[in-house]
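Just so you know, all these numbers are worked out from the coordinates, no wet-lab data involved. In this text, all values refer to a predicted model and were calculated from it rather than measured experimentally. A quick note on method: Cβ atoms are made from the backbone with ideal geometry, for glycine too, and the neighbour counts reach across all protein chains shown.
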Amino acid sequence: MNRFHLSLITILMTASLACAVTVSAQAQAQAQARLTVSDRTTDSIAAELLQFGDIDLFVFANRAAFLARMDETLGLGNIRDPDATFASLPRSPFTVTGRKNGKPIASCQIFVPANITPESGNEIFAQLMRGWFGPHLSYETSAGLTYRWLIYHEVRHCKPDHFGDEDVKSHNDELNADLFAFDQLATPENRAALARDIIGFRIITSALFADKSHMTGLSLKYALDPEGRDQNPDKAEEIAAFVNTRQMIGNQARAIAAQATPTSLELIRAITELREKSEAGTLQSNDPRMGEILIELDDAIARFAPRLHASVATRRPD
């Protein structure tokens, strides 16, 4: 989801990923030795990742623990202004590649904040939605599978072609990583359910939280919908639609809020009311994507938080 690419002079992509077909017993033992958290779930995921090459999975409790690991692998002295580079760390899993003493570091390193791991008792989707829809969500698959999907997403970022650039290039990389992770984890039995879970997640985060490069909700929907595969939305237009939808939701939520900052209940009510306007043809927008986003967003919240959604998704008295 996020990537840091580091060298002595500047930020750049340097790591390469050698693919392997199977995970040997020795590789699994190495994976276990690399972990900073000893847990069966984390162990098994770390071992799984080695089928894709030399990848380390690290769980860190705070910024100090992360910087200590960076000092060990890269040397903070080899990073220009590490305090500024790592002034704030992502809430979600992220990937670090780079160089030490002029040579690429041996592995691609995936870092995971401890508070979003299964061992923490928290659900990664709920945490990345900032708890707005409750700490425990309803899934068509499971919290564990959605966690693995986001970790596998980071595996794709280990490839050297995922250097990232401006918003549209990074947007393509993020969509590609989502689809890679889906293809690795989908089975005939869970394929449709997993698609609904991850599309719902991307729609919600694209509309409410994500930066522009991660506003991939519609693209992911079309890519995984058998009836929508011929649709390939313009990336810049998709980003603009999510930005404008977010602004519209914010305005609507503030208009009905009892306090200066809308509550999650008022936010859901605002989304529901805007959805109704879209379906009635009275939404003040010339972009049909915005109406589509509002409908998908309302449906996604209803699936992940059905009781919360049902408690507020009623029309206010005129």
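Here are a few things to note about the model shown:
- Lys, Arg +1 and Asp, Glu -1 on Cβ, resulting dipole of the range 49-134 about Cα centre, debye, nearest 20: 220 debye
- Counted charge near ASN244, where neighbours are those whose Cβ lies closer than 14 Å (Asp, Glu -1; Lys, Arg +1): -1
- Two-site FRET efficiency, ALA87 against GLU276, from Cβ-Cβ distance with R₀ of 30 Å, rounded to 0.05: 0.10
- Considering only ALA258, THR245, GLY217, and ranking their Cα positions along the charge dipole of the range 202-318 that arises from unit charges at the beta-carbon of Lys, Arg, Asp and Glu, the one farthest toward the positive end is ALA258.
- FRET efficiency, SER44 to THR187 (Cβ-Cβ, R0 22 Å, nearest 0.05): 0.80
- Residue ranges 171-184, 65-78 sort as 171-184, 65-78 when ordered by packing (mean number of other C-beta atoms within 10 Å per residue, highest first).
- Cβ-based charge dipole, the range 122-318, positive-most Cα from LEU194, ILE204, HIS136: HIS136
- Gain on full extension, evaluated as 0.36 nm per residue between ASN62 and ASP234 minus their Cα-Cα distance, stands at 58.1 nm.
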